[in-house]
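Just below is one structure, and these are the notes that go with it.
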Amino acid sequence: MRTARSAIGRTAAGLGVGAAASCVLAITDGPPWRLVTLGGTGTLVMLVLAAVAVTAGLVESRALTVLAGAGFLAAAVVQLVQIAWTGANLLGGDGSTVALLLGFAVGLLALGLTPAPDDRDTATSATGRHDPA
C-alpha cells in the first residue's frame with residue numbers, strides 16, 4: 001500500500017525531473033522550443049535546485065523539499081529584482097524565467113509545507129467511511 005508520504009516524495013522527485021528537463025527550453029535555438037531565457041549561471045542554478053528536489057523526493061524529506069522550493073523562490077526573486085530595478089542579470093533570464101522558477105517554487109513549497117495525513121486519515125478517505133478503532 002502506498003502512503004501519502006511516498007506520494008509526496010514521488011511528486012517532489014517528479015518536479016525536480018521537470019525542472020531539469022525544462023533547461024532544454026532554454027538551451028535550444030529558436031521557436032518552438034526556446035520558451036525560456038536562461039544564461040549559463042541560470043541553467044546551473046536550475047540543475048542544482050532540480051537535483052535537490054529529486055533528492056528530497058527520493059529520501060522523502062519534507063524539509064529538503066521546502067529547501068528546494070525556497071531555493072526556486074529565491075532565484076525567482078533575484079531574477080525579478082534584477083530585471084526590474086538593476087542593470088545586472090546574474091541568471092541571464094527574463095519574465096519567462098521568473099514564471100518558470102515561481103511554478104517550481106510554489107509546487108515544492110506546497111508539497112513540503114502541507115501537513116501529511118496520518119495513516120488513519122488515509123484509510124478513512126480511501127474507504128469513504130469512518131470506523132473508529
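The values are calculated or read from the model by the stated rules, or taken from the named source; none is laboratory data. Just so it is clear, the model here is predicted, and its values are computed rather than measured. In this analysis, Cβ positions are derived from the backbone assuming ideal geometry, glycine residues included, and neighbour counts consider all displayed protein chains. For accessibility, only protein heavy atoms count, side chains too; no ligands or nucleic acids. Shrake-Rupley method; radii C 1.70, N 1.55, O 1.52, S 1.80 Å.
What to note about this one:
- Output for segment 79-106, where each listed residue is touching a helix residue (DSSP H, G or I) at 6+ places or on another chain (Cβ under 9 Å), open to solvent by 20 Å² or more (accessible area, probe 1.4 Å) and assigned to a helix (DSSP H, G or I): L80, I83, G95, S96, A99, L100, L102, G103, F104, V106
- T11 meets all of the listed conditions (1) in a helix (DSSP H, G or I); (2) open to solvent by less than 40 Å² (accessible area, probe 1.4 Å) but one, namely (2).
- Count of segment 46-57 residues, restricted to those that are open to solvent by 20 Å² or more (accessible area, probe 1.4 Å) and either among the small types (G, A, S) or free of Cβ contacts under 8 Å to residues at least 24 places away in the same chain (or both), is 2.
- Residues within segment 51-78 that are among the polar types (S, T, N, Q), farther than 10 Å from L108 by Cα and part of a helix (DSSP H, G or I), tallied: 1
- Selection within segment 23-45 - within 15 Å of A75 (Cα to Cα) and either open to solvent by 30 Å² or more (accessible area, probe 1.4 Å) or not hydrophobic (A, V, I, L, M, F, W, C) (or both): T37, G39, G40, T41, G42, T43, L44, V45
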